[in-house]
Amino acid sequence: MPDGRDAIGSRLEGDVLEREFIPTSRASADNPEVVSGTFVLDLFIGNGDRHKGQWLLTEAGGGKLLRPIDFSRAWFFRWPLPTPSFGPGSNLQSSHDKSHGYYVMAKRHGVVLTQEAIDTWECLRMLSKNAWRGIIYSVPEGWMSPQEVVDLVNWWWSPQWHTHLMDQDSAMNSDTFFFSLVRYQPDLHRQEVVNVGVVLFTPNGSHVSFASNQGKLLALDPNFRLNRLFDQAHNLNEALKGLHEARVPIEEQIRMFSVGGGLSLSPAGMIDAQGQACEALLDELLRDLVSAPTKKRLRDPRVSRLHSELRQVFRQAKILGSSPGDIEKHLVVPNFPIDADVGLFAEFALRNGRLHITETVDFRLSTPSSKRQEAQAKTLLLVQALERMGSNDLKRYVVVTGASAQVQASMNLLERHADDFIVRESAQDWHRYVEAMHRAAYPGESALQ
């Protein structure tokens, strides 16, 4: 309407107050839980097109309701329904995947809550076939063909339905986890802070773990007593437990402990569980972000799980070299010097006429800011390599994993300076990359397996 108070849809219910919803805080409506419920529904029906413009905030009878709209990219857009429906590992092109970034933001800001999603999932699981039949038969004539109506009714509670339900249940419960570093500041005036532990936020609650060696802390404050740290750690754990039970959003929990002396929490980072138990994730976070490295640990900061995976692929294919001289044997050489004088080394390099260099960025661990710095450093290497060698003698590959909306800008930067950009979760991208490496090492032979 000219006054902007109504919107076109299946039907009008009250006045339309807003036509979009950005999930940076809980909805100012009588039904804020609808976002958690819509997340479950989108996951179940394969809707990868959820974004801020697919909501209406309506007012009727003195109440405000937030309503999801437009499920046009669901059901028959990708049939049979895929697992996962969106995000890393789905068969949806990244340019069409709006839902993943939207719900990552919603979870980060406590708009999608685990218990609300579980409650919706249980309601969906218990919906009877008669109720389902009534829903399908109520769809306006012409929206689906008669055969599609029959197929959808028969699909509910079929073996295929049960399989899809279990697959999506697994996908819903294997999401990325948020974590926060536990920091200790002995003296407010000195502004010296040390990482002493980590908090892992999971659907079942938070898990707090501390480094076994607190030598860094004692170096800042030789008079510090460890039993004081243990007392504060216990209080932190109990406080976080209560906040989880009260369904306080993760970001708000962190803010409550983000200032002042003693223990505080860092801004949230994200880590992909990859099927690991909480204890293994905590050990990984403590090792990489908290514990002081020993003198003998000369670990290249670029080495990640993704880097190790590529190294293992090359080793199994018997094309992994061990020294820069192996480049002349058509082997893949790790840490190959591009400009040793300024400290530029490619993660992997292989020469066969042209020099093929590969850089990786694993976005599954650490904070977006640190990954942004890593992406910028990798981009500098790609630019320097092109300036030194020219496009005729060089091909640049970038392999990434753990993509999310938070790191999209870093991914775009890398993609602009790569000749081939590979997303590890894409089977097509991965096959293209390993095949290219094999052809460069052994022209004429079959591709890597």
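Data overview
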| item | result |
| --- | --- |
| In region 418-449, the residues that are over 12 Å from T358 (Cα atoms), in contact with a helix residue (DSSP H, G or I) (Cβ under 7 Å, 6 or more places away or on another chain) and at pLDDT 90 or above | V423, R424 |
| Filter pass, R297 being modelled with pLDDT under 80, in contact with a strand residue (DSSP E or B) (Cβ under 9 Å, 6 or more places away or on another chain), of a type in the set (D, E, K, R) and part of a loop (DSSP other than H, G, I, E, B) | no |
| Residue in region 328-342 that is β-branched (V, I, T), touching a residue at least 40 places away in the same chain (Cβ under 8 Å) and either over 20 Å from M389 (Cβ atoms) or not assigned by TED's automatic domain parsing to the domain that holds L413 (or both) present | no |
| Hey, S72 at pLDDT below 85, outside the structural domain of F201 (by TED's automatic domain parsing) and of a type in the set (S, T, N, Q) or not | yes |
| Subset of region 104-142 that is under 35 Å from the mean Cα position of the chain (by Cα) and in a loop (DSSP other than H, G, I, E, B) - its residue that is nearest to S404 (Cα to Cα) | H109 |
| Test: residue in region 72-85 that is at negative phi, assigned to a helix (DSSP H, G or I) and aliphatic (A, V, I, L, M) | no |
| Those residues of region 30-58 which are outside any helix (DSSP H, G or I) and either in contact with a Cys (Cβ under 8 Å, 6 or more places away or on another chain) or crowded, with 17+ Cβ neighbours inside 10 Å (or both), in sequence order | E33, G46, N47, G48, D49, R50, Q54, W55, L56, L57, T58 |
| Sole residue being more than 30 Å from D283 (Cβ to Cβ) and assigned to a helix (DSSP H, G or I), chosen from R396, R351, R432, R372 | R432 |
| Residues (under 18 Å from Q93 (Cβ atoms) and at pLDDT below 90) located in region 408-417 | Q408, M411, N412 |
| So Q428, is it surrounded by fewer than 14 Cβ atoms within 10 Å (Cβ to Cβ), without any contact (Cβ under 8 Å) to a residue 24 or more places away in the chain, in the same structural domain as V313 (by TED's automatic domain parsing) and more than 17 Å from F348 (Cα to Cα) | yes |
| Region 257-294, subset more than 16 Å from Q185 (Cβ to Cβ) and in a strand (DSSP E or B), residue modelled with the lowest pLDDT | D272 |
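The values are calculated or read from the model by the stated rules, or taken from the named source; none is laboratory data. Note that this is a predicted model, so its numbers are computed, not measured. Because the Cβ atoms are built from the backbone with ideal geometry, glycine has one as well, and the counts that use them run over all protein chains shown.
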